[in-house]
Amino acid sequence: MTASGTAPAAPSAPAPAPRGDLFAWSRLGKVLRALDWPLRAEAYRQAGGSIHHPWLTDPAGDDALFRLLHLGGAHSAPPPELSDALAALGLMASPGGSAGGDPAPDAGGDVAPYRTAHHYFTAFRGLLTVADHHARPPRSGVYLGEDGLMFTDRVLSTHAEGTALEIGCGSGLTASALATRGLRTTAIDISADCVAATTATAALNGVTDRVEPVHADAGQALAGAARYDLVAANPPGLPVPDTVAYSPAGNGGPDGLAVVRTVWENAPQMLRDGGAVVMRFECAGDLVGPWALPEIFELAGDSSVLVTIHARLPMRTRSALTALRAAPYNPGDAPQELLRRLDAHTDALGASRLYTCFMVLRKDGRARREVHDLTAANLSPGAAAESPAPPPVDIDRLPPGLAGLDWRPQLALLHERWDETVRAAARHRDADAVITEVFPDARAQDPVNSRSLHAFLSVLPGMP
């Protein structure tokens, strides 16, 4: 049953169960809290200046407990109560045994004798969750990225009471956040792995009585008769051509709006009066802004809409990250070939930027429209500053979206050639021309990760 007491339209299958039973997951959650696991995760994330990055690669020094749970392996034995709780769920590999197919080497390359299996653990805002670590061998098929943590923060900032629907629940972090606020939450996903992860996450956080995972797609759920006080959605929005296979967690179809548009068109009808849709979406656009805003406003009718444009990334940089993440789904194609196809596709669209936006639509009958562009300072070409400073090395101050690329060597090279870069930017006012002139070696050696240079150059004054 849904939060309103009616089943969604034709779910494709019963909600898949996670490994083990809910009691065992609940017990594991209590053990992790007793060991201050959420506090450790937050502390190491904050110390690294990475508030919204769920996965750390070299945290915590000699904290064996954090390495075991977050990175998948440690050289020291875990506390017996944790080992027992993990083993009860089949999540603890025996010393020297298999850990779900990955050897979990440590930073020095040695294989850790104590290893977890099937999931990696992280925490955010005091909530526990399981998913795949972006820098480790995949285990569960569940994605959790920077976008998920940012979206959870936005949802927690929205006032609502009663019932909620989350479309695309992923790891279950946002659904559990809603439940801790007292909302009875129906959480749907087309991925059986994500539905199982959401069930496990709810049990880890002690909110199984307020989270109902459902295996269905967005169209099925939005066609139902149920009504909610809050609809939350973080749908895939990347423009991906038919010639590139890609994860459903990010594939928004050729124009990037296949799933996003389904939510826009139907979610307002799922609301009770006074209810709200909270949504994070990615959208192609150009220097003027994201292309989808007029369509959003038209579909909203007499509901009020507030959109904040949080970030913009050069499409050249975003396509590089898309090529890397598409590689496992296209085993016969090198990332450079995937990048060529992606460039051709986005060039045909005329899309030079990918925007990240947050929207709140409230069913209030007032038809207000607000757009607040947090990227506006650099949207229009202008006169370059006489002595612009190079981009900072603090990851939270870098252009959003770079975390998945190997950007550090490119940033170091940019610092070495900064004066030359500034002069070339003043002449060309075009990132491709600057990179061709100043960084031909970086482009030749690493045509994919060198695309991070486009993002660094885009923040130069006067650079479109």
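The values are calculated or read from the model by the stated rules, or taken from the named source; none is laboratory data. If you're wondering where the values come from, they're calculated on a predicted model, not measured in any experiment. Every residue, glycine among them, receives a Cβ derived from its backbone with ideal geometry; neighbour counts consider all protein chains shown. Note: accessible area is taken over every heavy atom of the protein model, side chains too, but ligands, DNA and RNA are not part of it. Shrake-Rupley method; radii C 1.70, N 1.55, O 1.52, S 1.80 Å.
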Look at MET270 and say whether it is modelled with pLDDT under 90, closer than 22 Å to ALA175 by Cβ, open to solvent by less than 10 Å² (accessible area, probe 1.4 Å) and out of contact with any Asp or Glu (no Cβ under 7 Å at 6 or more places or on another chain). yes
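Quick test for you: out of THR186, THR152, pick the one residue that is touching a residue at least 40 places away in the same chain (Cβ under 8 Å), β-branched (Val, Ile, Thr) and not in a loop (DSSP other than H, G, I, E, B). Let's see the steps before the verdict.
Details: THR152 fails: touching a residue at least 40 places away in the same chain (Cβ under 8 Å).
From the options THR186, THR152, the qualifying one is THR186.
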Within segment 224-247, the residues that are of a type in the set (D, E, K, R) and either open to solvent by less than 10 Å² (accessible area, probe 1.4 Å) or closer than 24 Å to VAL211 by Cβ (or both) are ARG227, ASP229
For the condition within 17 Å of the chain's Cα centre (by Cα) and in contact (Cβ under 8 Å) with a residue 12 or more places away in the chain, what is the one hit in ASN205, ASN251? ASN251
Does any residue in segment 404-432 that is without any contact (Cβ under 8 Å) to a residue 24 or more places away in the chain come within less than 7 Å, Cβ to Cβ, of a residue that is part of a helix (DSSP H, G or I) and surrounded by fewer than 18 Cβ atoms within 10 Å (Cβ to Cβ) six or more places away or on a different chain, and which pairs are these? ALA424/GLU437
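Residue by residue through segment 421-452, note down the ones that are among the charged types (D, E, K, R) and either under 15 Å from MET463 (Cα atoms) or outside any helix (DSSP H, G or I) (or both).
To start, the set of residues in segment 421-452 that are among the charged types (D, E, K, R) comprises 423, 427, 429-430, 432, 437, 441, 443, 446, 451.
Within segment 421-452, ARG423, ARG427, ARG429, ASP430, ASP432, ASP446 meet the criteria.
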Just one of ALA175, ALA196, ALA160, ALA179 is of a type in the set (A, V, I, L, M, F, W, C) and out of contact with any helix residue (DSSP H, G or I) (no Cβ under 9 Å at 6 or more places or on another chain); which is it? ALA196
List the pairs whose first member sits in segment 356-372 and is under 17 Å from PRO268 (Cβ atoms) and touching a residue at least 40 places away in the same chain (Cβ under 8 Å), whose second member is part of a strand (DSSP E or B) and of a type in the set (Asp, Glu), and whose Cβ atoms are under 7 Å apart, counting only residues at least 6 apart or on separate chains? LYS363/ASP273
Would it be correct to say that PRO440 is open to solvent by 30 Å² or more (accessible area, probe 1.4 Å), over 14 Å from THR317 (Cβ atoms) and not acidic (Asp, Glu)? yes
For the structure I just gave you, tell me whether PRO254 is modelled with pLDDT of 90 or more, touching a strand residue (DSSP E or B) at 6+ places or on another chain (Cβ under 6 Å) and farther than 19 Å from ALA300 by Cα. no
So which residues in segment 166-187 are β-branched (Val, Ile, Thr) and within 14 Å of VAL278 (Cβ to Cβ), if there are any at all? ILE167, THR174, THR185
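Limited to segment 49-71, what total is found for residues that are part of a loop (DSSP other than H, G, I, E, B) and crowded, with 17+ Cβ neighbours inside 10 Å?
So the first thing to find is which residues in segment 49-71 are part of a loop (DSSP other than H, G, I, E, B), and the list is 49-63.
The next check asks that each one be crowded, with 17+ Cβ neighbours inside 10 Å; those that pass are 50, 52-56, 59-60.
Residues that pass the stated criteria total 8.
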Which residues, counting only those in segment 254-267, are open to solvent by 10 Å² or more (accessible area, probe 1.4 Å) and β-branched (Val, Ile, Thr)? VAL259, THR262
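Would you check if there is a residue in segment 136-147 being assigned to a helix (DSSP H, G or I), among the hydrophobic types (A, V, I, L, M, F, W, C), in contact with a helix residue (DSSP H, G or I) (Cβ under 8 Å, 6 or more places away or on another chain) and open to solvent by less than 20 Å² (accessible area, probe 1.4 Å)? Spell out how you get there, then give the answer.
Of segment 136-147, the ones assigned to a helix (DSSP H, G or I) are 146-147.
After this cut, where a residue has to be among the hydrophobic types (A, V, I, L, M, F, W, C) as well, the list is none.
Within segment 136-147 (the criterion being assigned to a helix (DSSP H, G or I), among the hydrophobic types (A, V, I, L, M, F, W, C), in contact with a helix residue (DSSP H, G or I) (Cβ under 8 Å, 6 or more places away or on another chain) and open to solvent by less than 20 Å² (accessible area, probe 1.4 Å)), the answer is no, since none of the residues qualifies.
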Determine whether ALA99 is outside any helix (DSSP H, G or I), closer than 28 Å to VAL231 by Cα, aliphatic (A, V, I, L, M) and at pLDDT below 80. no
Can you name every residue in segment 218-273 that is within 27 Å of ASP347 (Cα to Cα), hydrophobic (A, V, I, L, M, F, W, C) and part of a strand (DSSP E or B)? LEU238
